[in-house]
Amino acid sequence: MYLTTTEIMQRLPHRYPFLLVDAIESYDPAEGCIVGIKNVTINEPFFQGHFPGHPIMPGVLIIEAMAQVGGLFATLSDAIGGDKVTYFTGIDGARFRRPVRPGDVLRMSLKLLRCRRGIYQFQGEARVGEALVAEAELKATFADKEG
């Protein structure tokens, strides 16, 4: 399964500048895997202040991008209506291995570790090419939209 940015926006509440997933490259519910893509460009608003003259994508945004991919896995896996939103609820063991710079293509692979009582737990990796740039264990759940 491949999802475009437009299809992603139909499933996630995030919008510019906080939508950090450009495409879903693959989704395999039987294997519990999903792969998302983020094209990192110099036009990203965070590069203005995150080391001008030496732009590096903030690690927290790499983790957020992985969490959004996990949220997409959850919304694709569960038949939830428009009255629910996916919340990022936990992070463990985050490690940053190398900087992500403008021009990089961030490929985020998440593997479902378990799903109990509506809480999804994933092992996530972010790579640029073959290089591992970040990894973390992430948790997400659904909640009712407010207002």
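The values are calculated or read from the model by the stated rules, or taken from the named source; none is laboratory data. Quantities reported herein were computed from a predicted structural model and do not represent experimental measurements. Quick reminder, even Gly has a Cβ in these numbers, built from the backbone with ideal geometry, and neighbours come from all protein chains shown.
Quick notes
- If you go through the range 7-39 and pick out every residue that is of a type in the set (F, W, Y) and part of a loop (DSSP other than H, G, I, E, B), you end up with 2.
- Test: G70 is closer than 14 Å to K139 by Cβ, touching a Phe, Trp or Tyr at 6+ places or on another chain (Cβ under 7 Å) and in contact (Cβ under 8 Å) with a residue 12 or more places away in the chain: yes
- A residue that is over 24 Å from M9 (Cβ atoms), in a loop (DSSP other than H, G, I, E, B) and among the acidic types (D, E) cannot be found anywhere in the range 75-85.
- Criterion (within 13 Å of the chain's Cα centre (by Cα), part of a helix (DSSP H, G or I) and farther than 15 Å from P17 by Cα) met by exactly one of V69, V60: V69
- Among (1) assigned to a loop (DSSP other than H, G, I, E, B); (2) modelled with pLDDT of 95 or more - the single one H50 does not satisfy: (2)
- Within the range 105-126, one or more residues are in a strand (DSSP E or B), at pLDDT 95 or above, among the charged types (D, E, K, R) and farther than 26 Å from M57 by Cα.
- Matching residues in the range 130-140 - criterion: being within 17 Å of M66 (Cβ to Cβ) and surrounded by fewer than 17 Cβ atoms within 10 Å (Cβ to Cβ): A131, L132, E137
- Within the range 110-123, not a single residue is under 22 Å from M9 (Cβ atoms), under 17 Å from the mean Cα position of the chain (by Cα) and surrounded by fewer than 16 Cβ atoms within 10 Å (Cβ to Cβ).
- Single condition D78 does not satisfy, out of (1) modelled with pLDDT of 95 or more; (2) surrounded by 13 or more Cβ atoms within 10 Å (Cβ to Cβ); (3) more than 11 Å from the chain's Cα centre (by Cα); (4) among the acidic types (D, E): (1)
- Inside the range 61-90, residues that are under 23 Å from E146 (Cβ atoms) and among the hydrophobic types (A, V, I, L, M, F, W, C) make up a count of 7.
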